[in-house]
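For reference, the structure discussed in these notes is given below.
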Amino acid sequence: MTLSPSFSRRLAVTGMSCAGCVAAVENALRSAPGVATADVNFAERTAQVSGDVPLATLIQAVRDAGYDASELRDAAAEAERDAAEQAHYRRLIHNTIAAGALAAPLMIAEMAGWLPALATATGQVFWVGVGLLTLAVMMYSGTHFFAGAWKQFRHHNANMDTLIALGTGSAWLYSMLVALFPTSVPSLAQHAYFEAAVMIIALINLGSALETRARGKASAAIQRLLGLQPKTARLVEGDQERDVPIEILQPGALIRVRPGEKIPVDGEIVSGQSTVDESMLTGEPLPVTKQAGDPVTGGALNKAGTFLFRATRVGEDTVLAHIVASVRQAQNSKPPIGRLADRVASVFVPSVLIVAVLTALAWFNFGPEPRAGYMLVTTLTVLIIACPCALGLATPISIMVGVGKAAEHGILIRDGEALQRAGQLTTVVLDKTGTVTTGRPTVTAVVAAADFSEDELFALTVGLEAGSEHPLAQAILDAARERSLVIPAVERFEAIAGHGAQGRVNGRAVLAGQRRWLEGQGIDTTVLQVEAERLAAQGQTPIFVAVDGQAAGLVAVADPLKPDSAAAIARLRQLGLNVALLTGDHAATAQAIAAQAGIERVYAEVLPTDKASVIAELQARGEIVGMVGDGINDAPALARADVGLAMGTGTDIAIESAGITLVRGSLHGIADAIALSRAAMRNIRQNLFGAFIYNTLGIPLAAGVLYPAIGLLLNPMLAGAAMALSSFTVVSNANRLRGFRPPNLSGGNPR
């Protein structure tokens, strides 16, 4: 299996503090000349950019928007970013402790009545001193808020930093003016809010720290994938063996793998035998037996034996590297529901600033005394509670966890839209060969017409099929080798896609393929019809053979069901999906396979060029269609479907045409992908609902709409705590997906 993500750059973006920043960075990147697409992941603080554009141009575009960026090119850059994240987490904890150490004693002392009044000489000196101490703590614990707000102001933008800086800065400034000139305001307004400003900074830092830690858990799937590849490999050169860094390995290198070691790169076994655990790559729990000639995949764990293998793909070309790239690309993409949230978030902060100004004007003009105090408290509370962080995190954090969890089960999801759409499918259309069946057909019968012997018929058929690459032709050639037949040469060979093949063997004109095609060539196949129907009813595919314009006989080939196909299809039906079989095979054969697999709807004898038309026909009926296939002839249908699902054992073209790839090649992966999609989208809707409700209820409450009725005002410190906890709640809810287990056959869901 090969996965080839389009050329792109991955950037680490610093300075983003809320969902409003996402739109600013994306717009800046998309406006850079040469950029094709740009998607920013607020949860991971990264950007995925594709197009022909220099790195320096991208970084400058981000800086012009008020942020900074660096390229995440390799493991070293990733490690550096992770270290920076850890340092940022520790800094947030220190900020929280410093701010809390001042705020908590002030709050306790004020509630106990131990602090002097502002109007007294002693009180004035005390509160000015507290103000200066508060300013020092705010500069230590909250500098990043004020620096971020200033940077955004210079670039004519506003974000969460703007709200926090305005709120806490206004509270400190008002309090300091009251402390210096207490008689300048009415006695009822003579109150300092130093402890509120510093406690809000403490709470927001704490919330950011908890969010940072939870975000690290959300990206655990990528970290596990990266951890699969060992740092060194045992290189064999002549009689010498030595451990070398995997970075220096080249294709063709001989590498020894001992029991308990991880396979460093992709390759093919030269000598030896072992069992290999590929579960972290494919989701398949059972170890696979490997021997000389078998492929091995980097990152898999060697269990029992030792073997020597030759490297075929190294570095960024390995399957593991492509899987990591595919997962990262999907984690950075946005489903339609996420784009809606981003559009809302992009106008959220300016809207909040307008609401804050209206709140201040309303309380100053119509509020009770002390008007200045009420105006400050309500405006501060509006600014603090209205943080769009939870809104910005709601979608990307669930996508990160969901896509990573899918990778653990051997499901590679190309983008967020495929993840969202998979859960909405109403019909799943399955290709037959290599999808429902093993894709390794064998010859089961040779039936000759009256004027031919079986040996003669089979020899002519083998000679013709020697020029074909079709799986059924390969089965015929395998049978010939088992019988030790000498394969005659073919001349003027021609393969007719979806129909059959023709050529001259031993001087005779031979055609082999579908009955309809032979009849279209003027050949009467009536004498073979009864026997063909009997074979087809048993699930065998009859290949009609004509020699010199006369029906010569049949070669029957059977492609057995995969062992788990019937159980997987039963799961799909339990999920409420319609299941259909789509194949170019004989109608009776297709019906027999469908009956064995538990499929009721069958589209048989469909030409490769018409498969996409069948998908379009289902979509015209209002069905949301998922197409599952593995061959080149399935690519148009995979691309036409609402969601294309490619078997990882199939061709590269099929994989590139699909939105989801099932690495392990089992149909259970379809049911797993759909169940995971539904769980992820349910999680996203929960997050978005919580974020919208939080802001919809929180902002009016903070503005004091309930005060005229019941005298209720929200404390600014409670607003700070609620804002901090909202982001942490969203991230924690998304992390519940890490415990996802696919539903079992009885329909039970362990979640």
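The values are calculated or read from the model by the stated rules, or taken from the named source; none is laboratory data. Computed from a predicted model, the values in this text were never measured in an experiment. For neighbour counting, all protein chains shown are included, and Cβ atoms are generated from backbone atoms with ideal geometry for every residue, glycine included. What goes into the accessible areas is simple: the full protein's heavy atoms, side chains included, and nothing from ligands, DNA or RNA. Shrake-Rupley method; radii C 1.70, N 1.55, O 1.52, S 1.80 Å.
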Subject >> Residues that are without any contact (Cβ under 8 Å) to a residue 12 or more places away in the chain, in a helix (DSSP H, G or I) and within 20 Å of Leu701 (Cβ to Cβ), drawn from region 363-373 >> reply: Phe364, Phe366
**OP:** Out of the residues in region 37-64 that are touching an Asp or Glu at 6+ places or on another chain (Cβ under 9 Å) and in a helix (DSSP H, G or I), state the one that is farthest from Gly15 (Cα to Cα).
**Re:** Leu55
Original post:
Are any of the residues in region 89-106 open to solvent by 60 Å² or more (accessible area, probe 1.4 Å), of a type outside the set (A, V, I, L, M, F, W, C) and farther than 23 Å from Met717 by Cβ?
Top reply: yes
Original post:
Only one of Thr162, Thr143, Thr183, Thr134 is open to solvent by 30 Å² or more (accessible area, probe 1.4 Å) and under 54 Å from the mean Cα position of the chain (by Cα); which?
Top reply: Thr143
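Every residue, every condition in (1) touching a residue at least 24 places away in the same chain (Cβ under 8 Å); (2) open to solvent by 20 Å² or more (accessible area, probe 1.4 Å); (3) more than 15 Å from the chain's Cα centre (by Cα), yes or no:
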| residue | (1), (2), (3) |
| --- | --- |
| Ala311 | yes, no, yes |
| Val324 | yes, no, no |
| Gln329 | yes, yes, no |
| Ile337 | yes, yes, no |
| Ala345 | yes, no, yes |
| Val349 | yes, no, yes |
| Thr359 | yes, no, yes |
Original post:
Can you pull out the residues in region 323-344 that are in a helix (DSSP H, G or I) and within 15 Å of Ile660 (Cβ to Cβ)?
Top reply: Ile323, Ser326, Val327, Gln329, Ala330, Gln331
**OP:** Considering only region 71-81, state which residues are open to solvent by 50 Å² or more (accessible area, probe 1.4 Å) and either at pLDDT 90 or above or closer than 22 Å to Ala214 by Cβ (or both).
**Re:** Ala79, Glu80
Subject >> Any hit, region 61-71, residues being touching a helix residue (DSSP H, G or I) at 6+ places or on another chain (Cβ under 6 Å) and within 22 Å of Leu320 (Cα to Cα) >> reply: yes
**OP:** Just need a number here: residues in region 186-214 that are open to solvent by 10 Å² or more (accessible area, probe 1.4 Å), in contact with a Pro (Cβ under 7 Å, 6 or more places away or on another chain) and not polar (S, T, N, Q).
**Re:** 2
Original post:
Within the set of pairs 6+ apart or on separate chains, which have a first residue in region 49-64 that is open to solvent by 50 Å² or more (accessible area, probe 1.4 Å), a second that is of a type outside the set (S, T, N, Q) and part of a helix (DSSP H, G or I), and C-beta atoms under 9 Å apart?
Top reply: Arg63/Ala28; Asp64/Ala28
Subject >> Residue within region 547-564 that is open to solvent by less than 40 Å² (accessible area, probe 1.4 Å) and in a helix (DSSP H, G or I) present >> reply: no
**OP:** Please determine, by comparing only the residues of region 1-36 that are at pLDDT 85 or above and in a loop (DSSP other than H, G, I, E, B), which one is surrounded by the most Cβ atoms within 10 Å (Cβ to Cβ).
**Re:** Met16
Original post:
When region 224-264 is examined, which residues are found to be open to solvent by 50 Å² or more (accessible area, probe 1.4 Å), assigned to a helix (DSSP H, G or I) and among the β-branched types (Val, Ile, Thr)?
Top reply: Ile248
**OP:** Scan region 20-40 and give yes if some residue there is over 26 Å from His156 (Cα atoms), in contact (Cβ under 8 Å) with a residue 60 or more places away in the chain and hydrophobic (A, V, I, L, M, F, W, C), otherwise no.
**Re:** no
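Need at least 2 residues that are under 23 Å from Arg534 (Cα atoms) per element, so show me which helices (runs of 4 or more DSSP H) inside region 574-646 make the cut, counting only ones lying wholly within it. Walk me through how you get there before you give the answer.
Details: elements: 587-597, 611-620, 635-640.
Of the helices (runs of 4 or more DSSP H) lying wholly inside region 574-646, those with at least 2 residues that are under 23 Å from Arg534 (Cα atoms) span 587-597.
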Original post:
Which residue out of Glu110, Glu80 is more than 34 Å from the chain's Cα centre (by Cα) and on the phi < 0 side of the Ramachandran plot?
Top reply: Glu110
Original post:
Any idea which of Thr661, Thr729 is open to solvent by 10 Å² or more (accessible area, probe 1.4 Å) and among the hydroxyl-bearing types (Ser, Thr, Tyr)?
Top reply: Thr729
Original post:
Looking at (1) at pLDDT 85 or above; (2) open to solvent by 60 Å² or more (accessible area, probe 1.4 Å); (3) in contact with a Ser or Thr (Cβ under 8 Å, 6 or more places away or on another chain), which is the only condition Asp652 fails?
Top reply: (1)
